[in-house]
Amino acid sequence: MAATRALHIYAGAQALGHLSSEGLLPAHVGIVPAAAGGPKGLILGRLDQFIFGHWLAQSQHPVDLVGASIGAWRMATACLADSVAAFQRLEHDYIRQSYAIAPGQKRPTPQHVSERFGQNLQAFYGGRIDEVLKHPRYRVHVVTSRGRHILAQDHPWRTSLGYLGAYLTNVVHRPAMGHWLERVVFSSPSAELPFGVDDYRTRHIPLTSDNFMAAIQASCSIPFMLEAVHNIPGGPRGAYWDGGITDYHLHLAYRQERGLVLYPHFQRQVVPGWLDKALTWRHRVSPMLANTIVLAPNPAWVAQLPNGKLPDRSDFTRYGTQTAQRVAVWQQAVGASQQLADEWADWLHQPDLGRVMPL
């Protein structure tokens, strides 16, 4: 019986036309997005190692890397010297993260998680921020969500009431959620945004050595699970949360003149915001993704992973204090994900348009 293919390849209409007429070379790719999604992003680590450590390394042109939450961590990691080793460390450290849980509680406090996460970022990027900011080719864009009005401060009743208002407003009209939350993007020095911002209220701030750690931590700060990061240097005052709130899967109006968008993702659907997860009518493809190639795991292959799914945040509750068991399960899934990278490398060596499905 043939082994189940791990990789599905999807392409927007314009990207499919490009593949048909010109194939795919590293120089054709101008933008790489990386979604929020917590531990699900682990399944893309081996693809990251191949794409940044080997394939894109064959070209000399500039590339914009756009990330939210774990995606921001991944894209900043791509800018470090010896990106393969950096991604291997990210995989190791992320899988083995653990937090103290008080007796009688099911999860650690947001204060504890934020403190530990900040320590992990310092250990990971300490002394290496200039490698990211001064990369000769890669321009990183860290997406965060800044609270407005009642959400300008992270406080139990303000945060709960504010996110309820944001959710209800978002159901009616996504851009109207900008009354509660705005997209704030911290970008490499002098880098222009590689996407249009007519879709949603947006601010653009330079990423510097003074705000790098705060911006990355804010982009990963899931409401109610971590504390918001307040008053990031260089940005407007207020509380900043996970970039996935406004841009869960970075369904953005990517600038076509930058080249193709190569998107390693953990699913086919590119969901606009975190509050859109249950709004399935917003999961449809739009013209904004016409120039995008999505690399995603085959759902049938995912079903063969431990627990029949990708690693996700529910595993912290599932395994509780049994950290070693969770680590073993996540490590098994990540080890299996090498098949994704191998199949993508094989496709690049012998492109088969019959394997490319419409996005």
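No value in this document is a laboratory result; all are computed from the given coordinates. Owing to the predicted nature of the structure, the values given are computational and were not obtained by experimental measurement. With ideal geometry, Cβ positions are generated from the backbone for all residues, glycine too; neighbour counts draw on all protein chains shown.
Quick one: if the Förster radius is 56 Å, what FRET efficiency do Gln60 and Leu279 give, using the C-beta to C-beta distance and rounding to 0.05?
On the way: r = 42 Å, r/R0 = 0.74.
So the FRET efficiency works out to roughly 0.85.
Rounded, prolate or oblate: which fits the chain, taking a ≥ b ≥ c as square roots of the Cα gyration tensor eigenvalues, rounded meaning a/c under 1.5, else prolate when a/b beats b/c? It would help to have the intermediate numbers written out before the result.
Working: a/c = 1.42, a/b = 1.21, b/c = 1.17.
Taking the square roots of the gyration eigenvalues as a ≥ b ≥ c, the chain is rounded.
Go ahead and run the numbers for FRET between Ala123 and Arg355, Cβ-Cβ distance against an R0 of 30 Å, rounding to 0.05. Write down the numbers at each step before the final one.
Numbers: r = 40 Å, r/R0 = 1.35.
Efficiency, from the Cβ-Cβ distance: 0.15.
May I ask you to list the aspartates and glutamates whose Cα is less than 20 Å away from that of Lys40, ignoring any residue fewer than eight positions away on the same chain?
Asp48, Glu91, Asp93, Asp242, Asp247, Asp276, Asp312, Asp315, Asp342, Glu343
If you take every residue apart from Tyr125 with its C-beta less than 12 Å away from the C-beta of Tyr125, what net charge results, scoring Lys and Arg +1 and Asp and Glu -1? It would help to have the intermediate numbers written out before the result.
Working: positive: Arg89, Arg128; negative: Asp93, Asp130, Glu131.
Cβ neighbours under 12 Å give a net charge of -1.
How big is the dipole moment of the chain about its Cα centre under a simple scheme where the beta carbon of each Lys and Arg is +1, that of each Asp and Glu is -1, and everything else is neutral? Debye, nearest 20, please. Before the final figure, lay out each step's value.
Values: 32 positive and 26 negative charges, 168 e Å.
About 800 debye.
Once you have a ≥ b ≥ c as the square roots of the Cα gyration tensor eigenvalues for segment 201-359, tell me rounded if a/c is under 1.5, and otherwise prolate or oblate according to whether a/b is larger than b/c.
On the way: a/c = 1.85, a/b = 1.16, b/c = 1.59.
Oblate, since a/c reaches 1.5 and b/c is not below a/b.
Go through segment 300-313 residue by residue and turn each phi into a ³J(HN,Hα) via Karplus (6.51, -1.76, 1.60, θ = phi - 60°); whole Hz please, and just put x for glycine and proline.
5, 6, 4, 4, 8, 6, x, 6, x, 7, 6, x, 8, 5
Straight distance only, please: which lysines reach the Cα of Lys106 with their own Cα at less than 16 Å, same-chain residues fewer than 8 apart left out?
Leaving aside lysines fewer than 8 places away in the same chain, none come within reach of Lys106.
Please give, to one decimal in nm, the separation of the simple spin-label points placed at Gln105 and Asp198, each 7 Å out from Cα toward the Cβ.
For the pair Gln105/Asp198, the computed spacing is 4.7 nm.
Excluding residues fewer than 8 places away in the same chain, name every one of the lysines whose C-alpha is closer than 17 Å to that of Lys134.
Cross-link targets: none qualify.
Net charge around His251, counting only other residues with Cβ within less than 11 Å of its Cβ (Lys, Arg = +1; Asp, Glu = -1)? Please report the intermediate quantities before stating the final value.
On the way: positive: Arg174, Arg282, Arg284; negative: Asp199, Asp247, Asp276.
Overall, the nearby charge balance is 0.
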